[in-house]
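Trainee: The structure under discussion is supplied below as C-alpha cells; questions concerning it will follow.
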Amino acid sequence: MWWLGAFASAALLGFYDVFKKRALDGNAVIPVLWLNTFFSSLIFLPFILRSAFGPQAAAEHPLWQVPAAGWEVHRFILLKSVIVLTSWLFGYFGIKHLPLTIAGPINATRPIWVLVGAMLLFGERLNGLQWVGVLLAAVSFLLLSRSGKKEGIDFVRNRWIWCVVLAALTGAASGLYDKFLMARFAPMLVQSWYNIYQCLIMTAVAAFLWLPRRKTDPFRWHAAIPLISVFLSAADFLYFYSLSLDGALISVVSMIRRGSVLVSFLFGAWWFHERNLRSKAADLALVLLGMVFLYLGSR
C-alpha cells in the first residue's frame, strides 16, 4: 500500500507549492525559508522530546517514535539537510520570479533524473515503456520553453529557469539519498532531525546573508508562511513512510509525488491568474503522459 501514501503526499505537496508561491510574492526569500524550517522544527520537536523523555515512549507506536542515535547516524541526516536546503534555495528563488505554471512542470521532470540515478546507483533498468516516458518528458520541456517565450522567458538565459532546473536536479539527488536512508533508519528519526538541522543551518544563513541587507530586501509576514511547513511536513511524513515499506520503488514514488503539479497548475490558473494556459496545459499533459508511461513500465 506504499503507493497510496505516495498519492496523498503528492496532493499535499501541491498545496505546499501554492502556499510557497503566495508567501514569496514580493517577499524576501531567505527569511521565508528560515521560517519554513523553524515551524517544521516546532512540529517535530515534541516527537523528539517525547521519545527521549516521555514515560510512555517505549510503548508508543513505532511510527511516531524517534529512536536515539549517535553521530554515526546523524552525520547522514545532516548531509540530507544540506542537500534539501540546496534544492530549496534554488527552488524558492526560482518560484518567486517565475509563473507557477512554468516552474511546476519543470519541477515535474524530477522523476526522470531520479530514474537515471536509480539506474546508476541501485541497478534499476529502463524498459521500453520507461524510455517512452523519458522521451515524452524531454519533449514537454522543449515545448514548455516555447510557451515561456510568449511571456518573455528565455529558458537558456533566464537565471530563474536555471534555479528551478538546479532545484529539480538536487531534489532528485535527495530522493535517491532517501532510499538509502529509509533502508537503514526509522522515518521519524530522519524527518525529525533533518528539520532541526535545516533550521540551525538556515539561522546561520539568514544571520550572515539576509540580516545585513534586510532594508533592501524587506520581509513581511503572510499567513501562508506557516501553512508551507504544515503541508510540507505532512507530505514528507507520508513520503518517508511510503519509502520505508517493503517493495517501495524510489523511481515510482518520486514519479507519483510529481503529480503535485496538477494542484499547483490549477491554482496558478485560478488563484494567480497566470497566462498562456492553453499551451502550458498541453505541455503539462505531455509531462503527465510521460509519468504514466514511467508508471506502466515500473509495474
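Trainee: Relative contact order, percent, of the chain when contacts are C-alpha pairs under 8 Å separated by at least 6 residues?
Mentor: Computed value for the chain: 44 percent relative contact order.
Trainee: Follow-up question, since we're still on this one. Calculated from DSSP H runs of 4 or more alone, at -39500 (n - 2.57) each and per residue, what is the 222 nm mean residue ellipticity of the chain, nearest 500?
Mentor: Counting only the DSSP helices, I get -25500 deg cm²/dmol.
Trainee: What part of the accessible area of the chain, given as a whole %, is carbon or sulfur when the probe is 1.4 angstrom?
Mentor: 70
Trainee: Please give the FRET efficiency for residue 149 paired with residue 121, using the beta carbon to beta carbon distance and R0 = 35 Å, rounded to the nearest 0.05. All intermediate terms of the calculation are to be shown ahead of the outcome.
Mentor: Working: r = 36 Å, r/R0 = 1.02.
Approximately 0.45, to the nearest 0.05.
Trainee: If packing is taken as the average count of other Cβ atoms within 10 Å, what order do 279-288, 215-224 fall into, highest mean first?
Mentor: Ranked from most to least packed, the peptides come out as 279-288, 215-224.
Trainee: List, in the order given, every pair from 80/280; 149/179; 20/179; 21/149 whose Cα-Cα distance in the structure shown is over 31 Å.
Mentor: 80/280; 149/179
Trainee: Same structure, new question: Taking only protein heavy atoms into account and a 1.4 Å probe, give the accessible area per residue of the chain in Å².
Mentor: Per-residue accessible area for the chain comes out at 46 Å².
Trainee: DSSP H helices in the chain with Cα extent of 24 Å or more along the helix axis and mean Kyte-Doolittle hydropathy at least 0.0?
Mentor: 2-24, 29-53, 71-97, 128-149, 159-182, 187-205, 224-244, 277-298
Trainee: Taking the Cβ-Cβ separation of residue 262 and residue 220 as r and a Förster radius of 41 Å, what is the calculated FRET efficiency to the nearest 0.05?
Mentor: Using R0 = 41 Å, I get an efficiency of 0.85.
Trainee: Under a GNM of the chain (C-alpha, springs under 10 Å), which listed residue has the highest mean-square fluctuation: 206, 68, 23?
Mentor: Comparing 206, 68, 23 in a Gaussian network model of the chain, the most mobile one is 68.
Trainee: To the nearest 0.05, how large is the calculated FRET efficiency for residue 75 and residue 162 if R₀ is 25 Å and r is the Cβ-Cβ distance?
Mentor: About 0.25, to the nearest 0.05.
The values are calculated or read from the model by the stated rules, or taken from the named source; none is laboratory data. What you see is a predicted model, and the numbers here were worked out from it, not measured in a lab. Neighbour counts are summed over all protein chains in view; Cβ atoms, including those assigned to glycine, are modelled from backbone coordinates with ideal geometry. What goes into the accessible areas is simple: the full protein's heavy atoms, side chains included, and nothing from ligands, DNA or RNA. Shrake-Rupley method; radii C 1.70, N 1.55, O 1.52, S 1.80 Å.
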